[in-house]
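Below: one structure, written as structure tokens.
Since every read-out is calculated from the coordinates, none of them should be taken as a lab result. No experiment lies behind these values; they were computed from the predicted model shown. Neighbour counts run over all protein chains shown; Cβ positions are idealised from the backbone, glycine included.
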Amino acid sequence: MKNPFKNSVEKYPILKIFGNRYFVVLLFFAIWILFLDDASFFQHRVLNKEIKTLESNKNYYKEEIRNDQKQIKELKNTEYIERYAREKYFMKKNNEDIYIIEYENDTIK
């Protein structure tokens, strides 16, 4: 009675490598690291993408903080406060009239 593995090895010589126990252990280890472990390769890729997204959000919010701090400094000036109120909230002095000009392209549909 011949060993079925030997028959297969004689027929397909590439299967000889699977008879090597070091190769089998290395293959098992590679599969474990790539797919099954909590710190798998694919999990690292997902986490790295999330880190990049969070870093870009961080940079965006830092820029927004800088802009807000700049605006806060400008709002300490009374002349700027008056201009800001006129532009944003359409406020006016008692003896003034305000005309709002809207263009067709500027309106929201």
* State whether one or more residues within region 11-25 are exposed (fewer than 11 other Cβ atoms within 10 Å of the Cβ), part of a helix (DSSP H, G or I) and of a type in the set (F, W, Y). => yes
* Structure fact -> Taking region 33-73 and keeping residues of a type in the set (G, A, S) and in a helix (DSSP H, G or I) leaves S56
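Let's see how each residue does on (1) among the hydrophobic types (A, V, I, L, M, F, W, C); (2) over 30 Å from I33 (Cβ atoms); (3) surrounded by 10 or more Cβ atoms within 10 Å (Cβ to Cβ):
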{"site": "N57", "(1), (2), (3)": "no, yes, yes"}
{"site": "Y60", "(1), (2), (3)": "no, yes, yes"}
{"site": "E74", "(1), (2), (3)": "no, yes, yes"}
{"site": "R83", "(1), (2), (3)": "no, yes, yes"}
{"site": "R86", "(1), (2), (3)": "no, yes, yes"}
{"site": "F90", "(1), (2), (3)": "yes, yes, no"}
{"site": "E96", "(1), (2), (3)": "no, yes, no"}
{"site": "I101", "(1), (2), (3)": "yes, yes, no"}
